[in-house]
1. Taking the range 36-49 only, how many residues are open to solvent by less than 10 Å² (accessible area, probe 1.4 Å) and either over 22 Å from Thr142 (Cβ atoms) or hydrophobic (A, V, I, L, M, F, W, C) (or both)?
2. Taking the options Gly184, Gly204, name whichever one is open to solvent by 60 Å² or more (accessible area, probe 1.4 Å) and within 17 Å of Leu169 (Cβ to Cβ).
3. Could you please give the count of residues in the range 38-73 that are assigned to a loop (DSSP other than H, G, I, E, B), in contact with a helix residue (DSSP H, G or I) (Cβ under 9 Å, 6 or more places away or on another chain) and charged (D, E, K, R)?
4. Could you run through the range 54-71 and say how many residues are closer than 19 Å to Val93 by Cα and open to solvent by less than 30 Å² (accessible area, probe 1.4 Å)?
5. Considering only the range 222-246, state which residues are over 20 Å from Val148 (Cα atoms) and either surrounded by 12 or more Cβ atoms within 10 Å (Cβ to Cβ) or touching a Gly at 6+ places or on another chain (Cβ under 6 Å) (or both).
6. Just one of Val148, Val191, Val144, Val198 is at pLDDT 95 or above, open to solvent by less than 50 Å² (accessible area, probe 1.4 Å), closer than 16 Å to Ser89 by Cα and in contact with a helix residue (DSSP H, G or I) (Cβ under 6 Å, 6 or more places away or on another chain); which is it?
7. Search the range 14-35 for residues being under 19 Å from Ile91 (Cα atoms) and among the charged types (D, E, K, R), and hand back the single one that is most open to solvent (accessible area, probe 1.4 Å).
8. Answer yes or no: is there a residue in the range 85-92 that is farther than 17 Å from Val146 by Cα, at pLDDT 95 or above, open to solvent by 40 Å² or more (accessible area, probe 1.4 Å) and in a helix (DSSP H, G or I).
Amino acid sequence: MFNGDVKRKLEAGEVVFGSFVKLDAPAIAELYGIAGFDFVILDAEHGCYTHAGLENMIRTCERMGMSSVVRTPDAGEANILHVLDSGASGIQVPSLRSAAEVREVIRKAKYWPLGERGSARACRAAAYGTLPDYEQRANRETLVSVHVENKEMVEDIEALCAVDELDVLFIGPGDLSASLGHPGDAAHPDVVAAIDRVIEVAAGRKHIGTVVANAAQLESYVARGVRYIAWLSELGMLRGALNAAASNFKAYRGESK
């Protein structure tokens, strides 16, 4: 009971379009599905989710024909296990610093013989024990993405590209800028050079992802082979829409637009 479309599309060479979702609100997931997004990244690192809330968001994504990737709070085994047992299409793990740590994520996320994920056939992802080939399917279709958001991960990029069963290297420009000593300045030459290095080394070896905020960024990244696109977050887009609406009130309050 999980939607593996985003991984299949990536493997077919397609570009997939998603967004971060931080609010525990199934209606928001429905709106993304209606709009035509391929997936959402349910942000359990910075969002406000419980295990039950995540499971309901995952259900909603499936109903809307979308994949659901969960950004876990960390690489903890219990966090990875909970979201995958709930039927998430994949995980996106932050705060890692080496290929060795990524291999530990694979161990926790995959069943034998690829890993050591704990088996619980009664979980939702296995249709509560009714899917006889569930472990094989989960190993094949579960997407594993990790954040490249610090200088250590950039320095280890060659080794990261050699990690079996790792699907996506997700570049986080904001955190990367802070790690390189230029917080908030993703356009700094050091940050641009680090991003360029990741794309250059990973192209053709791993799927590459990042977050974009406008059409120019989207066009530039796709042209360079980035295929896993997160367009802002629902909070960012909601803030922008509300600010645009509120700008219409200024004339009636004696303010200039």
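1. Step one: filter the range 36-49 for residues open to solvent by less than 10 Å² (accessible area, probe 1.4 Å), giving 39-43.
Checking the rest, the ones that are also either over 22 Å from Thr142 (Cβ atoms) or hydrophobic (A, V, I, L, M, F, W, C) (or both) come to 39-42.
Final tally of qualifying residues: 4.
2. Numbers: Gly184 fails: within 17 Å of Leu169 (Cβ to Cβ).
Of Gly184, Gly204, the one residue that is open to solvent by 60 Å² or more (accessible area, probe 1.4 Å) and within 17 Å of Leu169 (Cβ to Cβ) is Gly204.
3. 1
4. If we filter the range 54-71 for residues that are closer than 19 Å to Val93 by Cα, which is where we start, we get 54-55, 57-58, 67-71.
Among the residues that remain, those that are also open to solvent by less than 30 Å² (accessible area, probe 1.4 Å) are: 54, 57-58, 67-71.
Total satisfying the criteria: 8.
5. Glu234, Leu235, Gly236, Met237, Leu238, Arg239, Gly240
6. Working: Val148 fails: closer than 16 Å to Ser89 by Cα; Val191 fails: closer than 16 Å to Ser89 by Cα; Val198 fails: closer than 16 Å to Ser89 by Cα.
Answer to the check: Val144.
7. That would be Asp24.
8. Kept after step one, since they are farther than 17 Å from Val146 by Cα, are these residues of the range 85-92: 85-87.
Pick out the ones that are also at pLDDT 95 or above and you get 85-87.
Now restrict to residues that are open to solvent by 40 Å² or more (accessible area, probe 1.4 Å): none.
No, the conditions are met nowhere in the range 85-92.
The values are calculated or read from the model by the stated rules, or taken from the named source; none is laboratory data. Please read these numbers as outputs of a predicted model, since none were measured by experiment. Counting neighbours? That spans all protein chains shown, and the Cβs are built from the backbone with ideal geometry, glycine included. Side chains included, ligands, DNA and RNA excluded: accessible areas come from the protein's heavy atoms. Shrake-Rupley method; radii C 1.70, N 1.55, O 1.52, S 1.80 Å.
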